[in-house]
Amino acid sequence: MLDHRSMMRPLQGPRGSLMRSCRSGPGVFVDEVKASDKVQELCVYEINERDRGSPAYLRLSQKEVNSLGDLLYSGNLEKRVGITAGICVLIQHVPERGGDRYEAVYSFYFGDYGHVSVQGAYLTYEDSYLAVTGGSGIFEGVYGQVKLQQIVFPFKIFYTFYLKGIPNLPKELLGTPVPPSPTVEPTPAAKAAEPHAAVKNYTN
Amino acid sequence: MASSLGAPFLNLPTSSKTTQTTTSSLIPLRQSPSRPRGNPPKLASTPARRQRSPPTTRISATFFSARKPPSDSGPNKVQELCVYEINERDRGSPAYLRLSQKEVNSLADLVPFSNKLYSGNLEKRVGITAGICVLIQHVPERGGDRYEAIYSFYFGDYGHVSVQGAYLTYEDSYLAVTGGSGIFEGVYGQVKLQQIVFPFKIFYTFYLKGIPNLPKELLGTPVPPSPTVEPTPAAKAAEPHAAVKNYTN
């Protein structure tokens with residue numbers, strides 16, 4: 001119960017495993033979430049192709065500030081969807097894990113579809129969960145969390161969003177994700193952002 | 001850095017508003033039944049929008065009295081969570097980046113920071129805060145500064161809560177709870193920030209909605225804020241019984 005990761009299994013439909021009604025404290029009755037809190041999973045790959053001047057590492061004293069801006073592809077790596085953009089603030093170096101803890105505040109841009117903003121911990125040495133703080137376009141009103149999995153630090157990251165509060169996502173963004181591994185690459189068409197391999201007005 | 005943050009502020013007296021018995025007049029009551037973002041007409045027209053509360057729900061002002069509201073139920077239930085953020089000066093924090101290159105604190109200065117976090121009763125180490133303050137303006141008539149703060153509270157294996165809003169060195173403020181992970185996944189609400197000893201001790205009262213009941217380990221009668229409050233020695237040492245599981249460090 002204490003391991004929050006065990007509570008983050010992808011949930012299809014009603015939040016069954018967390019749904020409970022109980023009495024707690026001074027007679028407060030908790031009426032748990034309703035079926036309307038449908039969770040939608042969205043997977044994307046963030047890839048740094050090292051052609052955007054990113055990251056820009058500003059070594060401003062011991063607390064470095066990192067700005068990001070990488071390319072974003074759909075989970076099946078067949079479509080270029082847009083970019084990420086934001087900032088990581090180095091919080092501490094973690095020598096016993098051989099990496100760093102950052103506080104990350106950034107957004108994922110999906111072209112004409114809109115964007116999703118997130119905030120949370122980026123650990124270079126292990127996976128983490130960030131909070132989904134909001135969005136625009138089809139993501140307007142979104143909430144939930146996103147799992148960040150590093151594949152090749154710092155060039156390839158795989159995200160699994162657990163999104164609530166929005167209409168069904170378009171098929172173009174869904175589709176069986178390529179399982180994460182160090183050698184995954186977007187299709188050449190997606191890399192070239194050819195019209196059939198990119199979302200409309202993909203963010204660039 | 002210390003000079004810019006103001007040694008005179010180190011003995012900032014406890015604000016008169018620091019009691020737990022905050023009345024509704026002190027807290028901007030978020031009376032709107034739906035989440036305080038977006039336009040109500042839009043909410044009504046998009047059925048897939050989060051149905052956090054029935055449109056006719058009214059939140060009574062008794063919510064914000066010292067006792068937990070005994071009669072509230074349903075999705076608008078507010079849970080109060082209190083924590084202490086304490087800078088023990090052993091994390092290299094804050095790092096005042098005087099990017100404005102001006103003598104006086106000015107717009108463009110950045111202050112990344114990370115401090116230790118303890119439960120409200122100061123008996124358990126829960127984790128850390130981590131984030132950044134952007135200096136917005138110096139407020140000479142109040143003897144302090146306005147920052148825009150974006151940061152997170154980490155609670156070990158429980159997850160984290162992210163916040164955003166104003167940090168005023170001269171008075172209390174409310175920040176928005178923008179989201180969370182783990183047991184805090186989907187959370188919304190606001191948090192009250194009360195400075196006790198600027199900038200080393202801050203007391204927070206979270207008003208959280210949209211999540212299951214918080215674990216008892218994080219709750220418990222908070223120690224009333226005062227300049228001399230200290231975590232228990234066991235919590236400071238993060239001994240196993242005085243720290244949450246895998247407390248963030």
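The values are calculated or read from the model by the stated rules, or taken from the named source; none is laboratory data. Here the structure is a predicted model, which is why all the values come from computation and not from measurement. Virtual Cβ from ideal backbone geometry, glycine too; neighbours counted across all protein chains shown. Ligands, DNA and RNA are excluded from the accessible area calculation, which covers all protein heavy atoms including side chains. Shrake-Rupley method; radii C 1.70, N 1.55, O 1.52, S 1.80 Å.
Does A:Y122 meet the test of being in a strand (DSSP E or B), open to solvent by 10 Å² or more (accessible area, probe 1.4 Å) and touching a residue at least 60 places away in the same chain (Cβ under 8 Å)?
Values: in a strand (DSSP E or B): yes; open to solvent by 10 Å² or more (accessible area, probe 1.4 Å): yes; touching a residue at least 60 places away in the same chain (Cβ under 8 Å): no.
For A:Y122, the condition - in a strand (DSSP E or B), open to solvent by 10 Å² or more (accessible area, probe 1.4 Å) and touching a residue at least 60 places away in the same chain (Cβ under 8 Å) - is not met.
Looking for whichever is at pLDDT 65 or above, of a type in the set (D, E, K, R) and closer than 25 Å to B:R91 by Cα here; the options are A:E41, A:E49, A:E103, A:E78. Which one fits? Can you show your working first?
Values: A:E41 fails: closer than 25 Å to B:R91 by Cα; A:E49 fails: closer than 25 Å to B:R91 by Cα; A:E78 fails: closer than 25 Å to B:R91 by Cα.
Unique residue meeting the criteria: A:E103.
Checking the structure you have, find out if any residue of segment B:89-105 is in contact with a His (Cβ under 6 Å, 6 or more places away or on another chain) and more than 8 Å from every other protein chain (Cβ to nearest Cβ).
Of all residues in segment B:89-105, those in contact with a His (Cβ under 6 Å, 6 or more places away or on another chain) come to B:104-105.
Of the ones still in play, those that are also more than 8 Å from every other protein chain (Cβ to nearest Cβ) are B:104-105.
Yes; the residues of segment B:89-105 include at least one that is in contact with a His (Cβ under 6 Å, 6 or more places away or on another chain) and more than 8 Å from every other protein chain (Cβ to nearest Cβ).
In this structure, does B:K192 turn out to be touching a residue at least 24 places away in the same chain (Cβ under 8 Å) and touching a Lys or Arg at 6+ places or on another chain (Cβ under 8 Å)? First the steps, then the outcome.
Working: touching a residue at least 24 places away in the same chain (Cβ under 8 Å): yes; touching a Lys or Arg at 6+ places or on another chain (Cβ under 8 Å): no.
Here the answer is no, as B:K192 does not meet what is asked.
Is there a residue being more than 9 Å from every other protein chain (Cβ to nearest Cβ), not β-branched (V, I, T) and not in a strand (DSSP E or B) anywhere in segment B:172-190?
Scanning segment B:172-190, I find at least one residue that is more than 9 Å from every other protein chain (Cβ to nearest Cβ), not β-branched (V, I, T) and not in a strand (DSSP E or B), so the answer is yes.
Considering only residues that are assigned to a strand (DSSP E or B) and surrounded by 24 or more Cβ atoms within 10 Å (Cβ to Cβ), which ones fall in segment B:145-166?
Of segment B:145-166, the ones assigned to a strand (DSSP E or B) are B:145-154, B:159-166.
Scanning segment B:145-166 gives B:D145, B:Y151, B:S152, B:F153, B:Y154, B:G159, B:H160, B:V161, B:S162, B:V163.
Is there a residue being in contact (Cβ under 8 Å) with a residue 24 or more places away in the chain, within 23 Å of A:L148 (Cα to Cα) and out of contact with any Asp or Glu (no Cβ under 7 Å at 6 or more places or on another chain) anywhere in segment B:162-176?
yes
When you go through (1) open to solvent by 10 Å² or more (accessible area, probe 1.4 Å); (2) at pLDDT below 90 one by one for A:G98, which number turns out not to apply?
(2)
Quick check on segment B:127-140. Is at least one of its residues more than 16 Å from the chain's Cα centre (by Cα), more than 8 Å from chain A (Cβ to nearest Cβ), surrounded by fewer than 24 Cβ atoms within 10 Å (Cβ to Cβ) and part of a loop (DSSP other than H, G, I, E, B)?
No, there is no match, as no residue in segment B:127-140 is more than 16 Å from the chain's Cα centre (by Cα), more than 8 Å from chain A (Cβ to nearest Cβ), surrounded by fewer than 24 Cβ atoms within 10 Å (Cβ to Cβ) and part of a loop (DSSP other than H, G, I, E, B).
Evaluate the following for A:G175: is it on the phi > 0 side of the Ramachandran plot and of a type outside the set (S, T, Y)? If you could, list the steps in order and put the result at the bottom.
On the way: on the phi > 0 side of the Ramachandran plot: yes; of a type outside the set (S, T, Y): yes.
For A:G175, the condition - on the phi > 0 side of the Ramachandran plot and of a type outside the set (S, T, Y) - is met.
Does segment B:208-229 contain any residue that is in contact with an Asp or Glu (Cβ under 6 Å, 6 or more places away or on another chain) and more than 12 Å from chain A (Cβ to nearest Cβ)? Walk me through how you get there before you give the answer.
In the first step, residues of segment B:208-229 are kept if they are in contact with an Asp or Glu (Cβ under 6 Å, 6 or more places away or on another chain); the result is none.
For segment B:208-229, residues in contact with an Asp or Glu (Cβ under 6 Å, 6 or more places away or on another chain) and more than 12 Å from chain A (Cβ to nearest Cβ): absent.
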